[in-house]
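Below is one structure; the comments refer to it alone.
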Amino acid sequence: MAEQKVWGLLAEFETPQTIFTACEGVRDEGYRHWDACTPFPVHNLDKAMGLGASKVPWIVLALALFGMTAGFTLQWWTSAVDYPVMIAGKPFVAWPAWVPVTFELTILLGAFGAVFGMFGLNRLPTFHHPLFGSERFARVTDDRFFIAIESRDPLYDAKKTKKLLQKLGATHVEEISE
């Protein structure tokens, strides 16, 4: 039987305070390829992990502006260029009448940007991940907090990393195989 490749270490924590402190410790040690998993949002955990600002708002803005431009341009093209029809003396470019469609396309494409941008940046859906093989990790949706450090991290050393996680308050540390 072939030897399985080590994916990394999974450390279990019992409270939001301990995982918050542990995330600060892992960040301060300089690890880059790691993540924290919690059953509910922990306030400021992203800052404790040293994460930057999300890119989702920029995706939403880009698609919302595209929707606004597309809605306005479509109505301008059909009313003033492609098929101009004079109705009751109104001008061909009657932009106040175009506001509802322009607004709706802005909101629609902005919402698509939010949903699909989040899915793309989070690499969802994830049908298989090495952490799914851990029986203890199943409690992440219930009452436990976890930090997973990947073996591809330049600072990863199985023994040193395990000692660090235990020093930071982990109640259980296990090695995860791919």
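The values are calculated or read from the model by the stated rules, or taken from the named source; none is laboratory data. A quick note: this is a predicted structure, and the numbers were derived from the prediction, not measured. All Cβ positions, even for glycine, are placed from backbone atoms using ideal geometry, and neighbour counts span all protein chains on display.
Side notes on the structure shown:
- Taken together, 127, 146 contain a single residue that is at pLDDT below 95, more than 30 Å from residue 69 (Cβ to Cβ) and not in a helix (DSSP H, G or I), which is 127.
- Set 51, 45, 10: member being under 30 Å from residue 151 (Cα atoms) and in contact with a His (Cβ under 9 Å, 6 or more places away or on another chain): 10
- Residue list for region 91-124, restricted to those being under 20 Å from residue 77 (Cα atoms), part of a helix (DSSP H, G or I) and out of contact with any helix residue (DSSP H, G or I) (no Cβ under 6 Å at 6 or more places or on another chain): 95, 96, 97, 99, 100, 103, 104
- The single residue among 36, 11, 62, 53 that is part of a helix (DSSP H, G or I) and either surrounded by 12 or more Cβ atoms within 10 Å (Cβ to Cβ) or under 27 Å from the mean Cα position of the chain (by Cα) (or both) turns out to be 62.
- Residue among 69, 18 that is polar (S, T, N, Q), assigned to a helix (DSSP H, G or I) and surrounded by fewer than 15 Cβ atoms within 10 Å (Cβ to Cβ): 69
- Contact map, region 153-175: first residue among the acidic types (Asp, Glu), second residue in a loop (DSSP other than H, G, I, E, B), Cβ cut-off under 7 Å, separation 6 or more or different chains; pairs are 153/31; 153/32; 153/33; 174/134.
- Any hit, region 155-165, residues being touching a Lys or Arg at 6+ places or on another chain (Cβ under 9 Å), exposed (fewer than 14 other Cβ atoms within 10 Å of the Cβ) and in the same structural domain as residue 26 (by TED's automatic domain parsing): no
- Scanning region 130-143 for residues that are free of Cβ contacts under 8 Å to residues at least 40 places away in the same chain and either touching a helix residue (DSSP H, G or I) at 6+ places or on another chain (Cβ under 9 Å) or not assigned by TED's automatic domain parsing to the domain that holds residue 19 (or both) yields 132, 138.
- Long-range neighbours under 9 Å by Cβ, at least six apart or interchain, first residue free of Cβ contacts under 8 Å to residues at least 40 places away in the same chain within region 34-56, second among the polar types (S, T, N, Q): 45/38; 46/54; 48/21
- Flag for residue 104 being among the charged types (D, E, K, R), at pLDDT 95 or above and surrounded by 14 or more Cβ atoms within 10 Å (Cβ to Cβ): no
- Selection within region 162-178 - of a type outside the set (Ser, Thr, Tyr) and in a loop (DSSP other than H, G, I, E, B): 168, 169, 170, 178
- Only a single criterion out of (1) under 27 Å from the mean Cα position of the chain (by Cα); (2) surrounded by 12 or more Cβ atoms within 10 Å (Cβ to Cβ); (3) modelled with pLDDT of 95 or more is not satisfied by residue 152, namely (2).
- Of all residues making up region 78-100, the number that are charged (D, E, K, R) and either outside the structural domain of residue 65 (by TED's automatic domain parsing) or more than 46 Å from the chain's Cα centre (by Cα) (or both): 1
- Filtered residue count, region 130-145, keeping only those that are under 19 Å from the mean Cα position of the chain (by Cα) and surrounded by fewer than 14 Cβ atoms within 10 Å (Cβ to Cβ): 2
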